[in-house]
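Novice: This structure is in structure tokens; I'll ask about it shortly.
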Amino acid sequence: MKYDLIVIGSGPGGYISAIRAAQLGSKVAIIEKYSTLGGTCLNVGCIPSKALLDSSHHYYDAVHHFEEHGISVEKPTFDFSKMVGRKASVVEQTTGGIKYLMDKNNIEVYEGLGSFEDATHVKITKTDGSSEVIEGTNIIIATGSKPSSLPFITIDKERIITSTEALKLKEVPKHLLVIGGGVIGLELGSVYKRLGANVTVIEYAPTITPTMDKDVSKELTKVLKKQGVKFNVSHGVTSVERNGDEVIVKATNKKGEEVTFNGDYCLVAVGRRPYTDGLALEKAGVKVSERGQVEVNDHLQTNVSTIYAIGDVVKGAMLAHKAEEEGVVVAEYLAGQKPHIDYNLIPGIVYTWPEVAAVGKTEQELKDAGIEYKAGKFSMRALGRSRASGDLDGFVKVLADKTTDEVLGVHIVGARAADLIMEMAVAMEFRASAEDIARICHGHPTYSEAIKEAAKAAWDGKPLNA
Ligand SMILES: Cc1cc2nc3c(=O)[nH]c(=O)nc-3n(C[C@H](O)[C@H](O)[C@H](O)COP(=O)(O)OP(=O)(O)OC[C@H]3O[C@@H](n4cnc5c(N)ncnc54)[C@H](O)[C@@H]3O)c2cc1C
């Protein structure tokens, strides 16, 4: 069979590029090695983690916050297997939705491992060992990523686990040790903390969420500590051993002392690595960087002109929405259009509660780049909306150019930050000034008023409600 485009991998990068190419008139095939479509994001990433975060959030509220709203319930309990079952059905519905979209757009779905024969041919090897070769004028590599580990850790998938196993445990850990204070570690740590586990985070860097704005890391540490999560930053893990049902993690702290942590589960959440295993890239001559990422130019084209790569398998943030944008860009570029992505305006979100969301530059990045800026900050606590809901933690910080007042970065810790951030991503795409935002009428009472106030604080230093 011959196609205009073959996409290898059906995650958010792959399936979106397939749809966009089909919309633009191409004959498209997509290859997925697993029996369900949707990749990491839908099967073992964004969607299942948010399902468990939402369920655990409801339980946590029932235990800790219903009373203050005047609601009394008998001691709330939960059925963990039902919670995990609900998550599985959310995943099933969502991945089923992708299958529907493939059919609707006349995209041929091949189940099996895709591997290159040459620059235009891909072999599909099915689980029964049979194979077939299909031809594509162009091919997109969208094979995503897998959890990475440390060289001395053996992931046994029972007690020493990655995020994949953490999403389908049979019980709530008594004491979950989390190696890595990044997004995945904090989100899954939050799930189990809310369900009653002791959670200890061990982070190598001096702060959690080390790539985010320092004020954000500080506030998030404060609120998660309040929820009972224990943090050990500046701790370099040196060994992870299992002894029966116990996991022992040893780490070296800032003073060079050895510290031992004991738990019954250890989640290794130290990042993800680009995944190209089994692709036989060498047969097509596609180059990979030292970090294992498929090398691409500004059009996401590899060194082989017929082959493109997108999403987690290439450089940049490992985020579903980044993968999707890249998928659209390649499909449109191949159709002769001139698409573009502003990598500076890809929002970063942590779905803890309160949520964390950011877009644009951090203060540190502006300092490093020698850009003079003004900062305006507004506390969520000062909002009527926050007092009504009881979600008082967090702030909005707006960073604007000192001379032009253009908004350069926005950092939010607060209820619904994940949705709030998009106002500022849109504004920044249109190169709004802090004054522009401050002068736009925001609905009252909403959390978004904190954005208006922080923008006013950045613009003229005079927020109205503080
Ligand atoms: C626990 C967790 C939570 C996350 N939460 C979020 C979130 O809230 N928001 C967010 O933006 N991101 C989140 N992410 C990250 C997000 O899942 C990834 O950035 C996103 O899935 C990357 O998309 P992709 O299309 O590049 O690759 P993937 O989603 O990894 O998909 C790649 C697909 O390619 C298939 N494949 C690989 N090799 C082959 C081959 N040779 N032949 C055929 N098929 C192959 C794989 O089986 C897979 O289905 C989370 C990740 C994890 C682990």
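Novice: From the list 110, 15, exactly one residue is in contact with a strand residue (DSSP E or B) (Cβ under 7 Å, 6 or more places away or on another chain), at pLDDT 95 or above and within 15 Å of residue 320 (Cβ to Cβ). Which is it? Quick ask: steps written out before the conclusion?
Specialist: Values: 110 fails: within 15 Å of residue 320 (Cβ to Cβ).
Selected residue: 15, the only one of 110, 15 that is in contact with a strand residue (DSSP E or B) (Cβ under 7 Å, 6 or more places away or on another chain), at pLDDT 95 or above and within 15 Å of residue 320 (Cβ to Cβ).
Novice: Also, I was wondering about something else. Scanning segment 21-41 for residues that are among the hydrophobic types (A, V, I, L, M, F, W, C) and within 23 Å of the chain's Cα centre (by Cα), which turns out farthest from residue 140 (Cα to Cα)?
Specialist: 41
Novice: Let me ask another. Scan segment 274-292 residue by residue and report those that are surrounded by 14 or more Cβ atoms within 10 Å (Cβ to Cβ) and within 11 Å of the ligand (Cβ to nearest atom). Spell out the reasoning first.
Specialist: Filtering segment 274-292 down to residues surrounded by 14 or more Cβ atoms within 10 Å (Cβ to Cβ) leaves 274-276, 279-281, 283-284, 286, 288, 292.
Once the filter is applied, which keeps residues that are surrounded by 14 or more Cβ atoms within 10 Å (Cβ to Cβ) and within 11 Å of the ligand (Cβ to nearest atom), segment 274-292 yields 274, 275, 276, 279, 280, 281.
Novice: Going through 35, 55, 81 one at a time, which residue ends up being among the polar types (S, T, N, Q), surrounded by fewer than 24 Cβ atoms within 10 Å (Cβ to Cβ) and either away from the ligand (no atom under 16 Å from the Cβ) or assigned by TED's automatic domain parsing to the domain that holds residue 351 (or both)?
Specialist: Working: 35 fails: either away from the ligand (no atom under 16 Å from the Cβ) or assigned by TED's automatic domain parsing to the domain that holds residue 351 (or both); 55 fails: either away from the ligand (no atom under 16 Å from the Cβ) or assigned by TED's automatic domain parsing to the domain that holds residue 351 (or both).
That would be 81, the only listed residue that is among the polar types (S, T, N, Q), surrounded by fewer than 24 Cβ atoms within 10 Å (Cβ to Cβ) and either away from the ligand (no atom under 16 Å from the Cβ) or assigned by TED's automatic domain parsing to the domain that holds residue 351 (or both).
Novice: Name every residue in segment 79-111 that is over 22 Å from the mean Cα position of the chain (by Cα) and closer than 26 Å to residue 169 by Cβ, in order of residue number. Break it down into steps so the answer makes sense when it comes.
Specialist: At the first step, the residues of segment 79-111 found to be over 22 Å from the mean Cα position of the chain (by Cα) are 79-82, 85, 99-111.
Hits for segment 79-111 are 79, 80, 81, 82, 85.
Novice: If you check residue 316 against the conditions, is it more than 20 Å from residue 407 (Cβ to Cβ), crowded, with 20+ Cβ neighbours inside 10 Å and within 12 Å of the ligand (Cβ to nearest atom)?
Specialist: Values: more than 20 Å from residue 407 (Cβ to Cβ): yes; crowded, with 20+ Cβ neighbours inside 10 Å: no; within 12 Å of the ligand (Cβ to nearest atom): yes.
It is false that residue 316 is more than 20 Å from residue 407 (Cβ to Cβ), crowded, with 20+ Cβ neighbours inside 10 Å and within 12 Å of the ligand (Cβ to nearest atom).
Novice: Which ones in segment 328-343 are in contact with a Leu (Cβ under 9 Å, 6 or more places away or on another chain) and in a helix (DSSP H, G or I)?
Specialist: 329, 330, 331, 332, 333, 334
Novice: Which of the residues that make up segment 410-450 are within 29 Å of residue 208 (Cα to Cα) and assigned to a strand (DSSP E or B)? Don't jump to the end; show me each part of the working.
Specialist: The initial filter retains those residues of segment 410-450 that are within 29 Å of residue 208 (Cα to Cα), namely 410-429, 434, 446-450.
Result: 410, 411, 412, 413, 414.
Novice: State whether one or more residues within segment 44-61 are in contact with a strand residue (DSSP E or B) (Cβ under 8 Å, 6 or more places away or on another chain), at pLDDT 95 or above and under 24 Å from residue 148 (Cα atoms).
Specialist: no
Novice: Another one. Please go through segment 91-125 and give me each residue that is away from the ligand (no atom under 13 Å from the Cβ) and aromatic (Phe, Trp, Tyr), ordered by number.
Specialist: If the condition is that a residue be away from the ligand (no atom under 13 Å from the Cβ) and aromatic (Phe, Trp, Tyr), then 100 is the only one that fits.
Rundown of residues vs (1) β-branched (Val, Ile, Thr); (2) under 28 Å from residue 294 (Cβ atoms); (3) outside the structural domain of residue 259 (by TED's automatic domain parsing), yes/no style:
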position: 142; (1), (2), (3): no, yes, yes
position: 155; (1), (2), (3): yes, yes, yes
position: 165; (1), (2), (3): no, yes, no
position: 185; (1), (2), (3): no, yes, no
position: 194; (1), (2), (3): no, no, no
position: 211; (1), (2), (3): yes, yes, no
position: 217; (1), (2), (3): no, no, no
position: 224; (1), (2), (3): no, no, no
position: 228; (1), (2), (3): no, no, no
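Novice: List the residue pairs whose Cβ atoms are under 7 Å apart, where the first residue sits in segment 221-242 and is over 19 Å from residue 57 (Cβ atoms) and in contact (Cβ under 8 Å) with a residue 24 or more places away in the chain, the second is part of a loop (DSSP other than H, G, I, E, B) and among the aliphatic types (A, V, I, L, M), and the two are 6 or more positions apart or on different chains.
Specialist: From residues that are over 19 Å from residue 57 (Cβ atoms) and in contact (Cβ under 8 Å) with a residue 24 or more places away in the chain, the pairs are 231/208; 233/205; 233/208; 237/150; 240/153.
Novice: Which residues, taken from segment 126-168, are surrounded by 17 or more Cβ atoms within 10 Å (Cβ to Cβ), of a type in the set (Gly, Ala, Ser) and more than 12 Å from the ligand (Cβ to nearest atom)?
Specialist: Selection gives 136, 149.
The values are calculated or read from the model by the stated rules, or taken from the named source; none is laboratory data. Everything numeric here is computed off the predicted structure, so don't read it as measured data. A quick note on method: Cβ atoms are made from the backbone with ideal geometry, for glycine too, and the neighbour counts reach across all protein chains shown.
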